[in-house]
Ligand SMILES: CC(C)(COP(=O)(O)OP(=O)(O)OC[C@H]1O[C@@H](n2cnc3c(N)ncnc32)[C@H](O)[C@@H]1OP(=O)(O)O)[C@@H](O)C(=O)NCCC(=O)NCCS
């Protein structure tokens, strides 16, 4: 499989992550609210941890995942990251995301993930997408709901964060749900 392609929406460009993004990622991870519900990053952020994470991510094969820098088209500035972890045997992918706090509440992540969903079903021909968030992450819950993910259950104390176990809500979107979501967004008649 070749490198995952760039995606575009009205306001955003989703381009493959690069080693030169490290400094900007460290800067954005310096905001406590961004890391509050993230599994692998804890405040205060350690730049060396970001370096190791990024090198690991850049070494992964496209068969196993895609990582995109979410770029504000107008400013040509990295404002977040989204990932798609692939499970080829089950034709499944899991979506992850985070955004610069100063860009929250403008519908940007919903816009970005809608493009990842398009790509997942239309081009990668996936059968299913997974999305999870820790209980209490209302913004992430709203992103899942607005996009048409179905709530399927909860992993009790499924993630360990900041020394405590947190319940995790689990969502899924099947290819048939995607068709329904497209109709709702007026993209098919
Ligand atoms: C989750 C996150 C990516 C959302 O990005 P965003 O661009 O602000 O998302 P959107 O604007 O598309 O949608 C957010 C929705 O949550 C709502 N929301 C946010 N905080 C809320 C709160 N405390 N109570 C109620 N609704 C809330 C917003 O009003 C919006 O819903 P609406 O469009 O119905 O009004 C962003 O908050 C973030 O980066 N959080 C930190 C990292 C993180 O938690 N990542 C996800 C891990 S699963």
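A short reminder: the numbers here are calculations on the coordinates, not readings from a lab. Every value quoted in this text rests on a predicted model; they were computed, and no experiment measured them. For neighbour counting, all protein chains shown are included, and Cβ atoms are generated from backbone atoms with ideal geometry for every residue, glycine included.
Summary table below
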item: Calculated Rg and Dmax of segment 147-186 using C-alpha coordinates, Å; result: 14.4, 44
item: Over the chain, volume per residue of the alpha carbon convex hull, in Å³; result: 122
item: Share antiparallel - DSSP beta bridges, the chain, percent rounded to 5; result: 95
item: Inter-part distance where segment 86-153 and segment 27-66 are each reduced to a Cα centre, Å; result: 18
item: Cα shape, segment 92-135, gyration tensor, a/c 1.5 rule; result: oblate
item: Length-normalised contact order of the chain in % [C-alpha pairs under 8 Å, at least 6 apart]; result: 17
item: Selected from 165, 121, 149 as most flexible by GNM, with the chain as the system and alpha-carbon contacts under 10 Å; result: 165
item: Share of pairwise Cα separations in segment 49-115, more than 13 Å, in percent; result: 69
item: Which of 3, 128 has the fewest Cβ neighbours within 10 Å, and the rest in rising order; result: 3, 128
item: Normalised per residue, the volume of the convex hull around the Cα set of segment 8-63 (Å³); result: 118
